[in-house]
Structure formats: C-alpha cells, structure tokens
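The values are calculated or read from the model by the stated rules, or taken from the named source; none is laboratory data. Quantities reported herein were computed from a predicted structural model and do not represent experimental measurements. Cβ placement follows ideal geometry from the backbone for every residue including glycine, while neighbour counts extend to all protein chains displayed.
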Amino acid sequence: MSHPIFPTHVTLVDVGPRDGLQNEAQPVAATDKIELVHRLQAAGLREIEVTSYVSPKWVPQMADNAQVMAGIQRQPGVRYSVLTPNMKGFEGALASQADEVVIFAAASEAFSQRNINCSIAESIERFRPVAEAAKAHGMKVRAAVSCALGGPYEGEVSLDAVEDVVQRLLDIGSDHIGIADTIGVGTAGRVTAVMERAMKHVPLAELSGHFHDTYGQALTNIYASLTLGVHIFDTSIAGLGGCPYAKGATGNVATEDVVYLLHGLGITTGIDLDALVDAGAFISNVLGRKPVSRVSNALLAKRANARCACPFPCLPFDPTPVPTPTPTPRSDHHEPARPEPPTG
Ligand code: HMG
Ligand code: MG
C-alpha cells in the first residue's frame, strides 16, 4: 500500500472562544475570553475566531462581543474573525475591526430554521449583502456549510445538498468554504466523499474541515481529509463547545489533540504544544472542569508526575474543588500540580 501524501504545513483556526464559549451555560467574563485569545496567539495560533455578532436573545454568551474585540491586544500576522448572521452582525464586525467574517448556511433545512430562523435559500440571500459589504471593506469571507455530514433533525444529508450549498456560498462571494460536521456524526469514508465534492468547486487553499467530536471520529476525519490534501482545520482549545441548536453535540475536536497528531505526522503547525496546553488548562480552570482533550490531560498528568518523587502515578489534573477535609500532607508525596500560567 502506498503511503498517503500529507501536506507539509497545516493551519489551525481556533474557534474555541466563539464556537466553544457560545455553548457554555455559565457566564464567562470578557476578561477571561480576552486572556484566552492572548494565550492562543502566544501559543502560535495565527487564526482565531473570537466571538459572534448574533442576537443576544438567541445566544447571550456572545453579548460581550464588542468588549472582547476591543480588549484584545492584536498581534501582527494574526487574523481575528467573527461570526455574523446578518447585516446587523456585520455592522458590529466592522465597528470592531474584525479581519474576517464567518457566515454559515446549513445543508439541512430543519437545522437552518432552528439555528437562524429561516430557510437555506433565505439564509443565502441574507448573507449576500454581508459578503458584498465585507469585500467592499477588504475583509475576508469564510463560509461554513453546517450539517454537511448529517443533521440533528433530518439525519442523513445528501452529497448533492452539500454541493449545492457550497456552490451557492461561492456564488455570493465567499472566499473560503468550511465543511462542518456540526453534530460530529461523520466517519472517514463519508468525509472523504463530502470533501471530494467540495474540491470540485473549491481550491485546497480555501477549503477547510470543521469537525465536532461527538462520536469520537474527528481526528480520523482530519486524517482522511489530510490524505486529500486538505490543510486547514477549525479546532477548539480544550475541546470546548457544541452548538446551542444541536442538542447533544459536543465541542470541536481539541486543538491540542490535532496538534499532537499533526506533529506526530511530521506536519508543521507553528504551534507550541506546551503553551497550548497551558491555554487549555487556563480556560478549563475558569470553567471548573478538565479539558476535553486526551492529549492535554495526558501532558498535564505527565507534568504532575514529573514533579512528584513518590513511586505511584499521580492523579491527572482536575480543577474541580473536592469538598473533603484537608488531609495531613505527607512529606514524601506532592499533590498533583496544577498547571502554572506561562510566564511572559
Ligand atoms: P430573528 O429573531 O429571526 O431576527 O433572529 P430578527 O431580524 O427578527 O431580529 C430579532 C431581534 O434580534 C431584533 O431585536 C434585532 O435587532 C436583533 P429587537 O427589535 O427584538 O430588540 N438582532 C440582532 N442583535 C444583535 N446582533 C445581530 C442581530 N440580528 C438581529 N446580528 C438571528 C435571526 C440570525 C439574528 C438569530 O437567529 C441569531 O442570532 N441566531 C444566532 C444563531 C447562532 O449564533 N448559532 C450558533 C452559531 S452557528 C454554528 O455554531 C455553526 C458553525 O460552528 C459551523 C458548524 O459547526 O456547523 C459555524
Ligand atoms: Mg461548529
């Protein structure tokens, strides 16, 4: 069997601050969102989806969009994108000087209605002026095809339906197409078929994969996409997220897990995995839970073990406070160390 030919470099777009935090039941302070973006760029991410300009009645978690955008200390070479469902959202994006707007149309009619309260055709028409205005202001337009691997309400989505939405999004001026497995049901064979359909219309330089990991298939789906030459993926720090309109869907594949895979394949990302793990531990501490990343938890446990002289493996990192009486410390055993914030 011949070996697949992989891209030499892969670009990751961290969508955790938007796609991840939009789904959190608990409020997350704007200052913590800003800190997360700072840590992601410090770790080497060059594309970050920061927030969305959507209705705060629909998604209250993103109501602080302007505050977050204003608070970021921007680094040259980093592209800051925001999700915009309509012209009102675009005006917010423009005012906040976003570099890129993200529009999204579903390949599933029922999902489109639940997510943005209109049909697929109506959504495309709503996005047309957004794409035109973005171009007029020199902003890039990234378009996501939601439910490209299946939908929460209709189940299977046909290849023709995906191809049709891809074509329509290109027709209104989208620069980039992301194939999104919104509910994380896709498997490698189907992902290959969907990507091949998209590749009929979209150059590889402007095609990406956006895989939620509900069924644990996201890494395999990325691997399948890599073999086709796809080299841009949306990922989410600490595996944050889900979609408020796709019940049960979990977060995007964790950025940490994807970086580990890619570096293992000898593919460069420009990302420092240790700093990335710190960023994931930071936001996980804010949320009071462990990162949803096998790699992150393994590396945090390894760090803790490295600091402990005892012969027993330390427990992995767990930010949840344990409500038990404080035990008498043993002089020969260190508690599992919590991650220290990176210096500088
Ligand atoms: P609607 O209720 O049909 O809109 O919502 P409307 O035009 O009738 O406006 C209703 C109210 O919302 C009005 O305010 C508007 O001003 C306001 P009122 O007069 O009642 O006080 N409004 C807005 N406010 C702030 N920003 C805006 C905005 N637009 C209207 N942009 C709408 C339609 C699209 C606004 C709504 O359905 C919405 O905001 N939906 C957001 C859905 C969302 O964010 N979903 C998650 C993101 S998509 C996703 O995660 C998928 C992706 O990750 C890829 C994948 O995995 O598939 C991208
Ligand atoms: Mg998503």
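Of all residues in the stretch 2-18, one or more are modelled with pLDDT under 95 and β-branched (V, I, T).
Scanning the stretch 226-250 for residues that are within 10 Å of ligand 1 (Cβ to nearest atom) and either at pLDDT below 95 or among the acidic types (D, E) (or both) yields D234, G241, G242, C243, P244, Y245, A246, A249.
Of the residues making up the stretch 236-295, those that are polar (S, T, N, Q), crowded, with 24+ Cβ neighbours inside 10 Å and closer than 13 Å to R39 by Cβ number 2. Looking at A180, A218, can you tell me which residue is closer than 24 Å to A43 by Cβ, within 11 Å of ligand 1 (Cβ to nearest atom) and in contact (Cβ under 8 Å) with a residue 12 or more places away in the chain? Answer to the check: A180. G173 meets the conditions (1) away from ligand 1 (no atom under 16 Å from the Cβ); (2) in a helix (DSSP H, G or I) in every case but one. The failed one is (2).
Results for (1) away from ligand 2 (no atom under 16 Å from the Cβ); (2) touching a His at 6+ places or on another chain (Cβ under 9 Å), shown as yes or no for each residue.
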residue: E24; (1), (2): no, no
residue: A29; (1), (2): yes, no
residue: R46; (1), (2): yes, no
residue: K57; (1), (2): yes, no
residue: G77; (1), (2): yes, no
residue: P85; (1), (2): no, no
residue: L94; (1), (2): yes, yes
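Every residue, every condition in (1) of a type in the set (A, V, I, L, M); (2) away from ligand 1 (no atom under 11 Å from the Cβ); (3) crowded, with 24+ Cβ neighbours inside 10 Å; (4) farther than 21 Å from N252 by Cα, yes or no:
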residue: V28; (1), (2), (3), (4): yes, yes, no, no
residue: D32; (1), (2), (3), (4): no, yes, no, no
residue: E35; (1), (2), (3), (4): no, yes, no, no
residue: R39; (1), (2), (3), (4): no, yes, no, no
residue: E47; (1), (2), (3), (4): no, yes, no, no
residue: V59; (1), (2), (3), (4): yes, no, no, no
residue: G77; (1), (2), (3), (4): no, yes, no, yes
residue: Y80; (1), (2), (3), (4): no, yes, no, no
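The conditions of being more than 16 Å from ligand 2 (Cβ to nearest atom) and touching an Asp or Glu at 6+ places or on another chain (Cβ under 6 Å) are not met by L262.
Taking the criterion of being part of a helix (DSSP H, G or I) and free of Cβ contacts under 8 Å to residues at least 12 places away in the same chain, the only residue of the stretch 129-154 that qualifies is A136.
The residues in the stretch 144-165 that are among the hydroxyl-bearing types (S, T, Y) and either under 20 Å from T192 (Cβ atoms) or modelled with pLDDT of 95 or more (or both) can be counted, and the count is 2.
In the stretch 169-190, what count of residues is obtained for those that are of a type in the set (S, T, Y) and buried (at least 19 other Cβ atoms within 10 Å of the Cβ)? Qualifying residue count, the stretch 169-190: 2. Every condition in (1) within 16 Å of ligand 1 (Cβ to nearest atom); (2) at pLDDT 95 or above; (3) acidic (D, E); (4) over 26 Å from V130 (Cα atoms) holds for E24 except the one numbered (2). Scanning the stretch 1-42 for residues that are closer than 19 Å to P76 by Cα and either without any contact (Cβ under 8 Å) to a residue 12 or more places away in the chain or basic (K, R) (or both) yields a single hit, R39.
Could you please let me know if R168 is at pLDDT 95 or above, touching a Leu at 6+ places or on another chain (Cβ under 6 Å), more than 13 Å from ligand 2 (Cβ to nearest atom) and not in a loop (DSSP other than H, G, I, E, B)? Considered against the rule, which asks whether it is at pLDDT 95 or above, touching a Leu at 6+ places or on another chain (Cβ under 6 Å), more than 13 Å from ligand 2 (Cβ to nearest atom) and not in a loop (DSSP other than H, G, I, E, B), R168 comes out as no. Taken as a whole, the stretch 85-101 holds no residue that is crowded, with 24+ Cβ neighbours inside 10 Å, touching a Ser or Thr at 6+ places or on another chain (Cβ under 6 Å) and closer than 17 Å to V165 by Cα.
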